[in-house]
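A short worksheet on the structure shown next.
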Amino acid sequence: MNSCCQEMAGRDAGCGREAPAPATAGLPCQNSNNSNKPRYRLRPVLNQPGVYTDRSKKRLWDQRDDDTLHRFGVPTGAEARSAFHLRLNVAAFIEHCGRSHCLFFTVTDEDNLHPTQFARRWNSFLVRNGAWIESYIRVLEPQKQGRPHYHILVAVLWDTKPDAFDWQAFAECQQERRANGPTALFRELRNRYRASAAPELVAMWKFLRKVLPRYGLGRAELLPIRKGKEAISEYIGKYLEAGLIIRKHSWKGCRRVEFDRRNKIGWLACTRVFAWHSPGAVAWRARIGEIGRALGVTDMEGIRRKLGSKWAYHLRESIALATAEQWSELLSVLAIGGLRLSYQPAAQSSTPN
């Protein structure tokens, strides 16, 4: 027996590479999105069973069931930012791609899936059969039954001919189907709006009816954009707001809004931290760089050492509003170190309160 075998023979069972020790079972989950603790910090309202409030005490939540909360009252700051962010980018999307090259795509889940599973099916379809989609914006909305529902704004290369589409026949056809089912009138109205649609759109309807069931996706609807960019941005924004007022514990961590990661650079107007792309933010960062050069430092920590921890608070108005001449004078003062004294804390009074 060689030295290597002797060494392995002297080890305890399970210590070799061929038999690693099993992982410890029953460890608590460390991911807050998957934790089994209550994930919405809400407090019950006295004398109102099933009603909760958050820390702001401005928003009330009605508990529909063990998994669903419905908000009523003013939106949160994050909700308002999400709605603004979506509407601004939808308007930029339509302006960049053109209304006649955009479609409104709706995909409905019929298997009562979790949004994560539904997203896997959608992504699988998109990878294998999504070459016709040039770019997209996708919004997740919970239906009344609690199932995930996608509203997708897609861009295509061909002309969708939205103004030639017979919208009246389409609306009457949908109303007839809901009221009486596939009657003769329903088929007549369907033929009317189908004849007015672009040939590529009619081909896509046939393609989706054939392909979507293979990926376990439910009923779909693909239509031109009836209104302009302002109206459609408001329309899609309302879907987001409708989804935001409904919170499901089991959906926590799921992405509500998704932009195409391949081609969004051409039309993206802002991110969730939308000030980063604004002209004011660009000018702000340029002036911060000029402050650093005047002080002879290369990072934010160097500015803090030179001017104190609250330098941005004290200089915010000058950075944002100073004219070029005023800014040049301020940089001259910073360069000779004449502004340091204004950041020294005031001496504390020895007289007790």
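Given the structure, is TRP327 at pLDDT 85 or above, outside the structural domain of HIS85 (by TED's automatic domain parsing) and within 29 Å of ALA92 (Cα to Cα)?
Considered against the rule, which asks whether it is at pLDDT 85 or above, outside the structural domain of HIS85 (by TED's automatic domain parsing) and within 29 Å of ALA92 (Cα to Cα), TRP327 comes out as no.
Residues ALA203, ALA231: which one is within 28 Å of the chain's Cα centre (by Cα) and assigned by TED's automatic domain parsing to the domain that holds HIS114?
ALA231
Take the conditions in contact with a helix residue (DSSP H, G or I) (Cβ under 7 Å, 6 or more places away or on another chain), modelled with pLDDT of 75 or more and not polar (S, T, N, Q) and apply them to LEU315. Does it pass?
no
Just to verify a result, which residue in the range 119-170, among those that are polar (S, T, N, Q) and surrounded by fewer than 19 Cβ atoms within 10 Å (Cβ to Cβ), is nearest to the chain's Cα centre (by Cα)?
So, considering only residues that are polar (S, T, N, Q) and surrounded by fewer than 19 Cβ atoms within 10 Å (Cβ to Cβ), the one nearest to the chain's Cα centre (by Cα) is ASN123.
Give the residue, chosen from ARG256, ARG261, that is in contact with a Gly (Cβ under 9 Å, 6 or more places away or on another chain), assigned by TED's automatic domain parsing to the domain that holds LEU140 and modelled with pLDDT under 85.
Of ARG256, ARG261, the one residue that is in contact with a Gly (Cβ under 9 Å, 6 or more places away or on another chain), assigned by TED's automatic domain parsing to the domain that holds LEU140 and modelled with pLDDT under 85 is ARG256.
Is it fair to say GLU290 is under 18 Å from GLY337 (Cα atoms) and assigned to a helix (DSSP H, G or I)?
So GLU290 passes the test.
Looking at the range 264-305, which of its residues are of a type in the set (Ser, Thr, Tyr) and at pLDDT 85 or above?
THR298
The values are calculated or read from the model by the stated rules, or taken from the named source; none is laboratory data. Since we're looking at a predicted model, the values are computed, not measured. Glycine gets a Cβ as well: all are built from the backbone with ideal geometry, and neighbour counts include every protein chain shown.
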